[in-house]
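Contents: one structure, followed by commentary.
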Amino acid sequence: MADSGESGAAAFGDGDRANDRIVVGLSGSLGSLAALHHAVAEARRTGAEVLAVLCWTPAGGESAYRRTPCPPMLTAGRDAAVARLRQALDEAFGGGYAGVRLRCLAVRGETGHTLVRCADRPGDLLVLGAGSRGRLGRLLRPSVTAYCVRHATCPVLAVPKPPLQRELEALERSHGVSLAPAGQ
């Protein structure tokens, strides 16, 4: 990334800010909401457009759907993804205006591969929440952030977990209960 001349700031893209995009992976988790806030702050600074992408797959995964296609289940999965995307945006901005050009997509596909496909322009920046997981978590669900860093053709920014999420996880570990909202 080229230095923009400002202390501690970095520029991305080809210099034509009207065509630059910040693609942000959104799931509704605290980490993805932190990434969205970071993407919006960067868009305010640079004038870029934010493309918030929520990736989804059919219930049971793509291979199960190919074995037994069920269009009503596919429609229900897409509708649930769109509802989750709307809820995440409402939680992030309190139902208000984000203050930047913002487009939102619920895209069918595996998360890492789909985000890399969406962030395919020369002026793109891909922003993701970077959560640390234990060894077992990495074995069960490979890191989307690591996949995107390896395969993206644009710069990738991994936003660390917000302090609130770290505190919540510490409380959960110490008390042996899950305090996170359902689905996170």
Taking the stretch 60-90 and keeping only residues that are loosely packed, with under 12 Cβ neighbours inside 10 Å and outside any helix (DSSP H, G or I), one is left with GLY61, THR68, PRO69
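With respect to VAL100, is the statement that it is in a loop (DSSP other than H, G, I, E, B), among the hydrophobic types (A, V, I, L, M, F, W, C), in contact with a strand residue (DSSP E or B) (Cβ under 7 Å, 6 or more places away or on another chain) and in contact (Cβ under 8 Å) with a residue 12 or more places away in the chain true?
Details: in a loop (DSSP other than H, G, I, E, B): yes; among the hydrophobic types (A, V, I, L, M, F, W, C): yes; in contact with a strand residue (DSSP E or B) (Cβ under 7 Å, 6 or more places away or on another chain): yes; in contact (Cβ under 8 Å) with a residue 12 or more places away in the chain: yes.
Considered against the rule, which asks whether it is in a loop (DSSP other than H, G, I, E, B), among the hydrophobic types (A, V, I, L, M, F, W, C), in contact with a strand residue (DSSP E or B) (Cβ under 7 Å, 6 or more places away or on another chain) and in contact (Cβ under 8 Å) with a residue 12 or more places away in the chain, VAL100 comes out as yes.
For THR57, indicate whether it is of a type in the set (S, T, N, Q), buried (at least 17 other Cβ atoms within 10 Å of the Cβ), more than 19 Å from the chain's Cα centre (by Cα) and at pLDDT 85 or above.
Details: of a type in the set (S, T, N, Q): yes; buried (at least 17 other Cβ atoms within 10 Å of the Cβ): yes; more than 19 Å from the chain's Cα centre (by Cα): no; at pLDDT 85 or above: yes.
Answer is no for this residue.
Within the stretch 133-156, work out how many residues are assigned to a loop (DSSP other than H, G, I, E, B), open to solvent by less than 90 Å² (accessible area, probe 1.4 Å) and either modelled with pLDDT under 90 or of a type in the set (Gly, Ala, Ser) (or both).
Total meeting the criteria: 4.
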Are there any pairs, at least 6 apart or on different chains, whose C-beta atoms fall under 8 Å, with the first in the stretch 110-130 and of a type in the set (Lys, Arg) and the second in a strand (DSSP E or B), and if so, which?
ARG121/ARG21
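Kindly establish whether GLY109 is more than 18 Å from the chain's Cα centre (by Cα) and not β-branched (Val, Ile, Thr).
Values: more than 18 Å from the chain's Cα centre (by Cα): no; not β-branched (Val, Ile, Thr): yes.
Taking the combined requirement at face value, the residue does not satisfy it.
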Just to be sure before I move on: is THR46 hydroxyl-bearing (Ser, Thr, Tyr), open to solvent by less than 30 Å² (accessible area, probe 1.4 Å) and under 26 Å from ARG21 (Cβ atoms) in the structure I sent?
yes
Restricting to the stretch 91-107, what's the tally of residues that are loosely packed, with under 12 Cβ neighbours inside 10 Å and at pLDDT 95 or above?
1
Kindly indicate which of VAL107, VAL159 is of a type in the set (A, V, I, L, M), more than 12 Å from VAL24 (Cβ to Cβ), in contact with a helix residue (DSSP H, G or I) (Cβ under 7 Å, 6 or more places away or on another chain) and assigned to a strand (DSSP E or B).
VAL107
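May I ask you to list the residues in the stretch 1-51 that are part of a strand (DSSP E or B), more than 30 Å from LEU168 (Cβ to Cβ) and modelled with pLDDT of 55 or more? So that I can check it myself, show each step before the final result.
In the first step, residues of the stretch 1-51 are kept if they are part of a strand (DSSP E or B); the result is 3, 10, 21-25, 49-51.
Checking the rest, the ones that are also more than 30 Å from LEU168 (Cβ to Cβ) come to 3, 10, 21, 49.
Those that are part of a strand (DSSP E or B), more than 30 Å from LEU168 (Cβ to Cβ) and modelled with pLDDT of 55 or more: ARG21, GLU49.
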Considering each of ALA88, ALA80 in turn, give the residue that is among the hydrophobic types (A, V, I, L, M, F, W, C) and over 20 Å from THR145 (Cβ atoms).
ALA80
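The values are calculated or read from the model by the stated rules, or taken from the named source; none is laboratory data. Owing to the predicted nature of the structure, the values given are computational and were not obtained by experimental measurement. Neighbour counts are summed over all protein chains in view; Cβ atoms, including those assigned to glycine, are modelled from backbone coordinates with ideal geometry. Heavy atoms of the whole protein, side chains included, go into the accessibility calculation; ligands, DNA and RNA do not. Shrake-Rupley method; radii C 1.70, N 1.55, O 1.52, S 1.80 Å.
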